[in-house]
Amino acid sequence: MNRISKRFENAVQAAKDWSLDRQEAAAEVLEQMNRLAATPHTLTDEERADLEAALAEARRGEFASDAEVAAMFARHGL
């Protein structure tokens, strides 16, 4: 059996007093962390091409303007 740090154990104990909604949100975060640690993501050909294109744009200094970023945030209510 793996050891559990005292800090983690204390956090889990404190979380038992949280609402069920908050506990579910915390469980989702831990599950995602576990998936990321256990299974590396393999890029699809499309993801790799998109990433390479984005990196090339960044190397060329092609970034969104402040106005474009503000418009995107406004469009999504952020």
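Every read-out reported here was derived from the displayed coordinates using simple, explicitly stated rules and does not represent laboratory data. What you are looking at is a predicted structure, and each value in this text was computed from that prediction instead of being measured.
Couplings 3J(HN,Hα) for the stretch 52-66, derived from phi with the Karplus relation 6.51 cos²θ - 1.76 cosθ + 1.60 (θ = phi - 60°), are 5, 5, 5, 5, 5, 4, 5, 4, 7, x, 8, 10, 5, 6, 4 Hz, where x marks Gly and Pro. Using all pairs of distinct alpha-carbon atoms, the Kirkwood hydrodynamic radius of the chain works out to 17.2 angstrom. Normalised by 2.2 N^0.38 Å, where N is the number of residues, the C-alpha radius of gyration of the stretch 22-65 stands at 1.77.
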